[in-house]
Amino acid sequence: MPQTAPFSPLEARILGVLVEKKLTVPDTYPLTLNALTAGCNQKTSRDPVMNATEAEVLAALETLRARTLIVESSGSRASRYAHNMEKGLQLPSQSVALLVTLMLRGPQTVAELRANSERLHRFLDSSAVEGFLDELASRPDDPYVVQLPKAPGSRESRWAHLLCGEPELPVAAPAAARADGGELATLREDVARLQDEVTELRAALARVYTELGLQ
């Protein structure tokens, strides 16, 4: 986890929204408080979905500005807000794109990250994504991401950011539950096998009756 104090979920969401909107809707950037709040509460491309008030967003902005991660400018009608994430965290734009995608959408696999970060930065292939993730994870005493253990039944590991502290790890099923699941699968196989045997016996018996001229 970064040595600096962890961000709150709302602070991380604000930074993510500002980076995203700068690249996807530059004509409306920097964002007003109203637009920023709407971006934080957006229902699509967000995990988890939030329902923050403007007052809560404003308080989080003050905290971020004290950490030199937010720049406020005064427009003709309302204050506007921009991020200073690359300089504040001393990261290249590629790393910021991956970090922001994790901040906005939650833990993801390498393939998901490459697809979901395309509007922020287009990576040539999955190995490029892995390279920047490895750099973010291997920062001495100050990693920004972590590779999570594979969840039960998953083929690929997911990555999570550490800006809000340690992420929740996938919970494995208790041993007893796994044993029960294995026993249930075995019972189903036995039932299917017995059903096939009964079908074969009925067919054989029908042939015998036919040969003997019995009904």
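If you keep only loop residues by DSSP, which trypsin sites (Lys or Arg not before Pro) in the stretch 75-127 have at most 14 other Cβ atoms within 10 Å of their Cβ?
Arg77, Arg119, Arg122
Using per-residue counts of other Cβ atoms within 10 Å, averaged over each peptide, order 35-42, 24-31, 128-135 from highest down.
Averaged packing, sorted descending, gives the order 35-42, 128-135, 24-31.
Is the stretch 1-97 best put as rounded, prolate or oblate by its Cα gyration tensor, with a ≥ b ≥ c the root eigenvalues, rounded for a/c under 1.5, and otherwise prolate when a/b is larger than b/c, oblate when not?
rounded
Of Lys22/Lys43; Lys21/Lys43; Lys43/Lys87; Lys22/Lys150, which ones are farther than 25 Å apart at the Cα?
Lys43/Lys87; Lys22/Lys150
No value in this document is a laboratory result; all are computed from the given coordinates. A quick note: this is a predicted structure, and the numbers were derived from the prediction, not measured. Here Cβ is always computed from backbone atoms with ideal geometry, including for glycine, and neighbour counts include all displayed protein chains.
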